Amino acid sequence: MAMRFNENLDDSGELHEINVTPFIDVMLVLLIIFMVAAPLATVDIRVDLPASSAKPQPRPEKPIFLSVKADKQLYVGDEPVSVEQLTRVLDQHTHSNKETTIFFQADKTVDYETLMSVMDTLRGSGYLKVGLVGMEGTAR
């Protein structure tokens, strides 16, 4: 009576079993990387945005946010700036690439005159690609 102990080997001696341990290790490392990187990709300036019903568009890898808070203070990313400094700071963040899209968000209590003043400054600086940011959801 003959017994065969290694059933996964064929006649040529090759093993036909998939080893998933390296795959699991890679997936766990990627999970940790994404858990650490995700909070770094967000902007911490709290702005009360109006709602929008438009379909969300994909963001670039490193978006540049220009924010106007309710007290009319301007921020580029997390850095407070004045209107006079805006062009210089944007040139630093974009490496003077005027084709970069600037994501503009403003508190819903900010008046139209302030919004247009910032938009005129952007246009005068050569930044013509401006994306307006709103809250996702249904508009009233």
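The residues of region 104-126 that are surrounded by fewer than 17 Cβ atoms within 10 Å (Cβ to Cβ) and among the aromatic types (F, W, Y) amount to a single one, Y112.
K62 passes every criterion in (1) surrounded by 13 or more Cβ atoms within 10 Å (Cβ to Cβ); (2) touching a helix residue (DSSP H, G or I) at 6+ places or on another chain (Cβ under 9 Å); (3) not β-branched (V, I, T) apart from (1).
Filter region 83-102 down to residues that are part of a helix (DSSP H, G or I) and of a type in the set (S, T, N, Q) and give me whichever is surrounded by the fewest Cβ atoms within 10 Å (Cβ to Cβ). First the steps, then the outcome.
Quick first cut of region 83-102, residues part of a helix (DSSP H, G or I) only: 86-94.
When the remaining residues are screened for being of a type in the set (S, T, N, Q), the result is 87, 92, 94.
Details: T87: 16, Q92: 11, T94: 17.
Only one residue fits best here, namely Q92.
Residues that are part of a loop (DSSP other than H, G, I, E, B) and modelled with pLDDT of 90 or more occur at least once in region 55-70.
The values are calculated or read from the model by the stated rules, or taken from the named source; none is laboratory data. Remember, predicted model here, so these are calculated numbers, not experimental data. So basically every Cβ, Gly included, is an ideal-geometry build from the backbone, and we count neighbours across all protein chains shown.
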